[in-house]
1. Expected output is a single nm value to one decimal: the length gained when fully extending between ARG57 and GLU268, i.e. 0.36 nm times separation in residues minus the C-alpha distance. What is it?
2. Dipole size in debye (nearest 20) for segment 2-295 around its Cα centre, Lys and Arg Cβ +1, Asp and Glu Cβ -1?
3. What residues from segment 223-237 fall in the zone where the backbone N is under 18 Å from a label point 7 Å along the Cα-to-C-beta line of ARG6?
4. Of MET159, ILE4, ALA129, whose Cα points farthest to the positive end of the dipole of segment 2-295 (charges on the beta-carbon: +1 Lys, Arg; -1 Asp, Glu; origin at the Cα centre)?
5. Hydropathy at least -0.5 by Kyte-Doolittle, axial extent at least 18 angstrom from the Cα trace: which helices of the chain, defined as entire DSSP H runs, fit?
6. Hey, what D do you get for the chain in µm²/s if you plug the Kirkwood alpha-carbon radius into Stokes-Einstein at 37 °C and 0.692 mPa s?
7. Which value at 222 nm does the chain reach when only helices count, each DSSP H run of 4 or more adding -39,500 (n - 2.57), with the total divided by all residues and rounded to the nearest 500 deg cm²/dmol?
8. For LYS270, go through the aspartates and glutamates and keep the ones whose alpha-carbon is under 17 Å away, minus same-chain ones fewer than eight residues off.
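Read the figures in this text as sums done on the coordinates, not as results from a lab. The shown structure was predicted, so the numbers you read here are calculated from the model rather than taken from an experiment. As a convention, Cβ positions derive from the backbone with ideal geometry for all residues, glycine included, and neighbour counts pool all protein chains shown.
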Amino acid sequence: MEPISRKYRDRIMRMMAVSRGQMTVSDKNVHQQGNPDILPFIDSIISENLLPGSTVRGLENLRELLAAASAGEPCILFLEHYSNFDLPVFHYLLRQAGPEGQAIADSLLAIAGIKLNESSPVVLAFTEAYTRLVVYPSRSLEIIKDNFKDPKELLAEMMRSTTVNLASMRALNELKKQGNLVLVFPSGTRYRPWDPDSKKGVREISSYVKSFSKMCFVGINGNILRLNSEGGMMEDLVCEDRVIYTVSPVIDCPAFREQVKHEHRFREDKKQAIVDEIMAQLERLHEATEKDRLSSQ
């Protein structure tokens, strides 16, 4: 395995040449349309590393969810998160599935953390290919508290985080009714095997379940971009793999919330209980598919 920044250096330079370079996020630009000029470069990287048998299972469930979204119902997808290529490979495989898959890919609106815009121009070049709504995650806010020594600078950054998130929520209230499938990683970060907490769902995710009508869970098995514990995001390691996305049947959000709240009626933190159940459902999808994936290799 080789770092993506080294193996695909020339391609990345060409991506950056057509990047819009809109790194700084404010309340004026939280909704960012995908850049179609970058997509072919990422597609070529994906196609060179995906092994035969890579697919999206349960495409009919996504068709049903998109039909509900097209009728004006707020619909959401909750995905596992192992890699910064989770969305790109999902998007690619959907488009490979024909016109219906293309329509689903076109409808995706990813909730993306602010660091994907602001950490580096190279990371932005990859992120920019996909339509997204930028948020300032609570985890990022905890990190900045250690980075700002000046109390005034810290206060200004905390105020910016509030402004960005308020703008994102206002935009989401409109966009979720316009035929979009909102895509969220409920763990809020990529899973790191050396950090079990990285697979715990973020409590704030419960608010998404409350404000949407229908949802699907998406398990991910396989990964062509592995985490590098000794480097940043652009030092992640490219490898060949068979990647399978497994989509659950469509689930009614209010019914899901009520069921979890009833089952955990003696638990004090009902919001975390809802998120924990989402993560448990994703884990079950993952485990069932992994047995099949390994047995057929």
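1. On the way: separation 211, 0.36 × 211 = 75.96 nm, distance 3.64 nm.
Using 0.36 nm per residue and subtracting the Cα-Cα distance, I get 72.3 nm.
2. On the way: 38 positive and 40 negative charges, 98 e Å.
Using only the charged Cβ atoms, the result is roughly 480 debye.
3. 225-237, by backbone N distance to the label point.
4. MET159
5. Values: long enough: 151-175 (35 Å, -0.03); 270-295 (38 Å, -0.83).
Sorted by number, the helices that extend far enough and score high enough are 151-175.
6. On the way: Rh = 19.8 Å.
Rounded to a whole number, D works out at 166 µm²/s.
7. Details: 13 runs with 146 residues, N = 297.
Computed mean residue ellipticity for the chain: -15000 deg cm²/dmol.
8. Of all the aspartates and glutamates, those that pass the test against LYS270 - Cα under 17 Å, at least 8 places apart if same chain - are GLU204, GLU258.
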